[in-house]
Amino acid sequence: VRPPAHCPVVIVGAGPAGLVLARILGLHGIESVVLERRSHDHVLARARAGIVEQPVADLLDELGAGDRLRREGLVHEGVSFRFGERTCRIDFAETVGRHVVVYSQQDIVADLLDLHAAVGTPVVFGAEVTSIDDFEDGPPRVRVLVDGHEAVIGCDLVVCADGTHGVSETALQGRRALLRRIYRRSWLGVLVDAAPAADELLYSRHRDGFALMSMRGAHRTRLYLEVPASTCLDDWSDDRIWTELHRRLDGDGLVLNEGDVLERGLTPLASSIDQRMRYGRLLLVGDAAHVVPPTGAKGLNCAIGDAVVAARAIREFRCRGEEALATYTSMASARIWGAQRFSWQMTTMFHQVDTDPYERELRLRQLEHVTSSAEAMADLARQYTGLDLADRWDA
Ligand code: FAD
Ligand code: DHB
């Protein structure tokens, strides 16, 4: 696929946000092109998130991209929290009648790409957007490098779904209204060729640092360890990783199953949010606009939630012109701040290294509080299984 000279909507980035947006626009008869700097194979090989909120799984179904998720995704009706000597299960089904689906982000991206190929949405791989011009006061022009050749695409609107450190960061340099928090911790994540030791996720607060047991299907365990942000992957032999994982996760009848480490990676914990998600005719969606630490499993879900709101703004823009874009940020922000708050709460409750004794105690009390009553557990379950989408894609 070659980039066109003109397209009404240019979407930068073939991650979950960009691909869902292109699909909704397509269903409304609005033409778009998705430009992705990486190759098709690279995009499908990137291991990332794995927890899909119920409203997001339902949305993927409605968009025609949910068949495999329904067949292969694992429906989880609860989660366990371990702290001190206690393991407490929060029952989503019983408290709020909801669930999450464990299904990898790569698979969601693969399903959306298959759908786009079937319906003929242009998705251009190996297409690096190098600059975006004129978006503040007129129709934007997007410069893109494909196979060493530069092309310029004229458009009515550009949507940056380009994740962190994408081209929007450069295009908006010095203009952004960013709020940030950097945590001095990272997660070391491994994918292991072994059956999960339990049917549901286990989040563990441990004096040596947080740990999480998750899964990808019946035969793969996904595990995470809290580590200092300065750590180097080379310092983590398989033996060291397993020792730490067993120390922080085994107990209460659970013993992790070991297996070959198939993948490993580091994710720094950080929060950031741009208080403006629209700059003239440039809209930001997903990680390009905001990032959360992974503890609440909200990054992927938020990115897809934004796509629904952006699609609505674009439809109204086509009827009413630029003034219709003015409400985009405020429409998206309630759900985004909900996710920021929940991710902050989960992160502070479970991570305690590098905090003073008072703060450590407070965080423990917070964990005790959220597991102390049916009401508190229902509140947590409601947020974990999915904040309502701000809008319906087909309304
Ligand atoms: P992305 O998925 O990042 O997609 C952006 C796309 O834009 C990329 O494909 C990129 O190649 C492309 N792009 C960038 N610049 C350009 C350019 N100039 N031209 C063309 N294309 C460009 N969230 C969780 O909830 N739980 C987790 O466990 C978790 N783990 C993570 C681990 C890692 C290593 C990372 C990076 C993220 C993780 N996240 C996790 C966050 C979650 O994956 C993101 O929130 C989600 O990917 C956001 O989707 P997006 O579509 O906004 O951006
Ligand atoms: C996974 C990632 C998360 O950030 C989380 O909170 C739960 C599960 C996962 O990759 O499976």
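With only alpha-carbon pairs counted, each pair once and no self-pairs, how large is the Kirkwood hydrodynamic radius of region 148-205 in angstroms? Spell out each step's value before the answer.
Numbers: mean 1/r = 0.0580 Å⁻¹.
One over the average 1/r among Cα pairs gives 17.2 Å for region 148-205.
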State the Cα centre-to-centre distance between region 17-57 and region 279-339 in whole Å. 14
Of the DSSP beta bridges with both residues in the chain, give the percent that are antiparallel, rounding to the nearest 5. 75
Relative contact order for the chain: what is it in percent, counting Cα pairs under 8 Å that are at least 6 residues apart? 20
Which of Arg320, Arg363, Arg216 fluctuates most in a GNM of the chain (C-alpha springs under 10 Å)? That residue is Arg320
Considering only C-alpha atoms, what is the centroid distance from region 196-273 to region 345-395, in Å? 20
Given springs between every Cα pair under 10 Å in a Gaussian network model of the chain, which of Leu367, Leu21, Leu283 has the largest fluctuation? Leu367
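Please list the equivalent ellipsoid semi-axes of region 30-121, computed as the square roots of five times the alpha-carbon gyration tensor eigenvalues, in descending order and whole angstrom. It would help to have the intermediate numbers written out before the result.
Numbers: eigenvalues 204, 54, 19 Å².
Largest first, region 30-121 gives 32, 16, 10 Å.
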Report P(r) for region 1-81: all Cα-Cα distances, bin width 5 Å, range 0 to the bin holding the largest distance, values in whole percent. 3, 11, 19, 21, 19, 13, 7, 4, 1, 1, 0
Around Asp252, under 15 Å between beta carbons, what's the net of Lys plus Arg minus Asp minus Glu among the other residues? +2
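So, with +1 on the Cβ of K and R and -1 on the Cβ of D and E, and no other charges, what is the size of the charge dipole of region 42-179 about its Cα centre, to the nearest 20 debye? Don't skip to the answer; put the middle values down first.
Values: 13 positive and 23 negative charges, 112 e Å.
That gives a dipole near 540 debye.
Per the helix-only calculation at 222 nm, which mean residue ellipticity applies to the chain, given -39500 (n - 2.57) for every DSSP H run of n ≥ 4 and division by its residues, nearest 500 deg cm²/dmol? All intermediate terms of the calculation are to be shown ahead of the outcome.
Numbers: 12 runs with 141 residues, N = 395.
For the chain, the value works out to -11000 deg cm²/dmol.
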Counting only protein heavy atoms, what percent of the accessible surface of region 98-182 is carbon or sulfur at a 1.4 Å probe? 47
If a helix is a whole DSSP H run, which ones in the chain reach 24 Å or further along their own axis (Cα) and hold a mean Kyte-Doolittle hydropathy of at least 0.0? 299-320
Give the average over all directions of the projected area of the C-alpha convex hull of region 125-227, one decimal, in nm². 11.0
How high is the relative contact order of region 1-121? Use alpha-carbon pairs under 8 Å, at least six apart in sequence, and give a whole percent. 29
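What's the whole-number percent of alpha carbon pairs in region 179-335 lying beyond 27 angstrom? The partial results should precede the final answer.
Values: 4879 of 12246 pairs.
Beyond 27 Å sits 40 percent of the P(r) for region 179-335.
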Can you give the Rg/Rh ratio of region 271-395, where Rg is from the C-alpha atoms and Rh is the Kirkwood radius? 1.08
Gaussian network model of the chain, springs between alpha carbon atoms under 10 Å - residue of Ala161, Ala17, Ala117 with greatest fluctuation: Ala117
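Which trypsin sites (Lys or Arg not before Pro) from region 127-202 combine a DSSP loop assignment with at most 14 other Cβ atoms within 10 Å? Numbers along the way, then the final one.
Working: sites: Arg141, Arg143, Arg175, Arg176, Arg180, Arg181, Arg184, Arg185; in loops: Arg175, Arg176.
Qualifying residues, ordered by number: Arg175.
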Considering just Cα atoms, how many Å³ per residue does the convex hull of the chain enclose? 141
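The values are calculated or read from the model by the stated rules, or taken from the named source; none is laboratory data. Here the structure is a predicted model, which is why all the values come from computation and not from measurement. So basically every Cβ, Gly included, is an ideal-geometry build from the backbone, and we count neighbours across all protein chains shown. With ligands, DNA and RNA removed, areas are computed over all heavy atoms of the protein, side chains included. Shrake-Rupley method; radii C 1.70, N 1.55, O 1.52, S 1.80 Å.
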